[in-house]
Amino acid sequence: MTGYTRYSCQDIDDDDIEAVVRVLRSGTITQGPVAGELQDRLAAYCGAACGVAVASGTAALHASMAAIGVGPGDVVWTSPLSFVASANCARYVGARVEFVDVDLADGNMDLNALEARLVDAEAMGALPRVVVPVHFAGRALDMPRLSTLAARFGFDVVEDAAHALGASYADGSPVGSCRHSRATIFSFHPVKTITTAEGGMVMTNDRALAETIARFATHGITRDERRFVLPSAPYHYEQLELGFHYRMSELHAALGLSQAAKINRFVKRRREIARRYGSELEGLPLLRPPADERSAWHLYVVRTAPSGCPATRDEIFRALRARSIGVNVHYQPIPGQPYYRALGHRPELFPRALEFSTTALSLPIHTRLSPADQSFVVQSLREILA
Ligand SMILES: *Cc1c(COP(=O)(O)O)cnc(C)c1O
């Protein structure tokens, strides 16, 4: 296989495989110590007090909403230019979703648009309970500004950092430190910075929230006697609320723990690839993403320029796919999905997300993309756009 055939893919070595095999031989394949070690490791990496390992990034979002107490009657605001999970988490708990348009320059939520919407919402008594920003493509949003708005208008922030493990904010603190938010979620799907096959984590500095999330991920059950309502017995456990089964197995956690040692190396390589695209695509009729040495570079999204491009986005997409180059589109706007249309949403209400989506093309970027693979991608684009 060549590295250009997919826009992203996992990077698994023998040491990762051995770590999983060790757990397989250990006798404890779920509810053992390794998930806890992964939590501690990533909490230390991010500078957060707690991490709670769960079955997916989506489960991390769902658990965060539930633990914060979001429910029917509440509204959650997120970006229309994201994976559907960023919005679905609100629906799981019965809340309504609204979207805030993005900045065309980088695909992140437009904080000027957000502020204007908040002023209107306050006047109408319709403020969001939670805002879920998405660090699009691994580039951190201006979190100090968002947290100022959160304090002023009284909402919580849960960062969808599925793209951004290994990134840092403008002030240098790592994404996941939760300095400016109630919680931050990561995904360990194979396309993300590190993988557990399927998996995710919630980071937070709020220990009580972390405990509630951990309980939510295991049916709402506690084995902590201090929390028991009924008289306890040695075999006793109590279900305190309705939770889900969202635990991460020891096999997944072992893979994640082995991968966690490589975050900086993986992100460094992604940054090199982004830098090289940045210089070698210069002069082509494509809009490049802003250079960003703090981004985790989960995606490298170019956009077809409004004029002067000899091919449409879809033509370029097909021509690259015909060369087995695994380009993709991130994302079709969430409000345009049939499920969200049926709830009354319309992508046209988010013209910048729509424009981004119809002009965007994600080029391959991942640690297994060799210099020769990247040359092939660049050369192919030059030929298609000649
Ligand atoms: C991948 C992703 C998720 C969901 O993560 P899973 O682990 O696949 O559940 C959520 N939000 C964004 C922006 C993502 O890219």
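Read-outs throughout are calculated quantities, based only on the coordinates presented, and are distinct from any laboratory measurement. Given the structure is predicted, the values throughout are model-derived calculations rather than measurements. Using ideal geometry, Cβ is built from the backbone for each residue, glycine included, and neighbour counts are taken over all protein chains shown.
Once you have all Cα-Cα distances for the range 128-167, histogram them in 5 Å bins from zero and send the whole-percent values.
Bins of 5 Å from zero give 6, 26, 30, 21, 12, 5 percent of pairs.
Would you please classify the overall shape of the range 150-297 from the alpha carbon gyration tensor, given that a ≥ b ≥ c denote the square roots of the eigenvalues, rounded means a/c under 1.5, and beyond that prolate means a/b larger than b/c while oblate covers the rest?
prolate
Just grab the label-to-label distance for ALA49 and ARG145, each label 7 Å out from Cα along the Cβ direction, in nm (one decimal).
So the two model labels end up 2.9 nm from each other.
Give me the percent relative contact order of the chain, please, defined on Cα pairs under 8 angstrom at least 6 residues apart.
Contact order relative to length: 24 percent.
Could you let me know the centre-to-centre spacing of the range 335-386 and the range 4-65, using Cα atoms, in angstrom?
28 Å
Round to a whole angstrom and tell me the spacing of the C-alpha centers of the range 139-202 and the range 228-283.
Their Cα centres are 13 Å away from one another.
In the chain, if the dipole is taken from +1 on Lys/Arg beta carbons and -1 on Asp/Glu beta carbons about the Cα centre, which of ILE194, ASN328, VAL378 is farthest to the positive end?
About the Cα centre, the residue reaching furthest to the positive side is VAL378.
May I ask you to compute the full-extension gain from GLN379 to ALA322, defined as 0.36 nm times their residue separation minus their alpha-carbon distance, rounded to one decimal in nm?
Length gained, GLN379 through ALA322: 19.1 nm.
Compute, for the chain, the length of the dipole vector about the Cα centre, with Cβ point charges of +1 (Lys, Arg) and -1 (Asp, Glu) only. Units Debye, rounded to 20.
Using only the charged Cβ atoms, the result is roughly 420 debye.
What list of ³J(HN,Hα) values in whole Hz, one per residue of the range 52-61 in order, does the Karplus curve 6.51 cos²θ - 1.76 cosθ + 1.60 (θ = phi - 60°) give from phi, with Gly and Pro shown as x?
Those phi angles translate into 10, 6, 9, 6, 6, x, 5, 4, 5, 5 Hz.
Write down, largest first, the equivalent ellipsoid semi-axes of the range 1-86 in whole Å, where each equals the square root of 5 times an eigenvalue of the alpha-carbon gyration tensor.
So the equivalent ellipsoid measures 30, 22, 13 Å along its semi-axes.
Which shape class, rounded, prolate or oblate, goes with the range 304-372 when its Cα gyration tensor gives a ≥ b ≥ c as root eigenvalues, a/c under 1.5 marks rounded, and past that a/b bigger than b/c marks prolate?
prolate
Out of VAL158, GLY107, PRO306, whose Cα points farthest toward the positive end of the dipole of the chain (charges: +1 Lys, Arg; -1 Asp, Glu; placed on Cβ)?
About the Cα centre, the residue reaching furthest to the positive side is PRO306.
Rounded, prolate or oblate: which fits the range 260-364 when a ≥ b ≥ c are the square roots of the eigenvalues of the alpha-carbon gyration tensor, with rounded for a/c under 1.5 and prolate only if a/b beats b/c?
Since a/c reaches 1.5 but b/c is at least a/b, the shape of the range 260-364 is classed as oblate.
Give me the log10 of I(q) over I(0) for the range 50-166 at q = 0.20 Å⁻¹, as the Debye formula computes it from C-alpha points; what are the numbers?
Reported log10 I(q)/I(0), two decimals: -1.13.
Of all the C-alpha pairs in the chain, what % are more than 38 Å from each other?
Counting every Cα pair in the chain, those more than 38 Å apart make up 20 percent.
In the range 34-53, which residues have a backbone nitrogen under 13 Å from the label point lying 7 Å from ASN264's Cα in the Cα-to-Cβ direction?
45-46
Just how large is the dipole of the range 1-129 about the Cα centre, in debye to the nearest 20, putting +1 at every Lys and Arg Cβ and -1 at every Asp and Glu Cβ?
Roughly 560 debye for the range 1-129.
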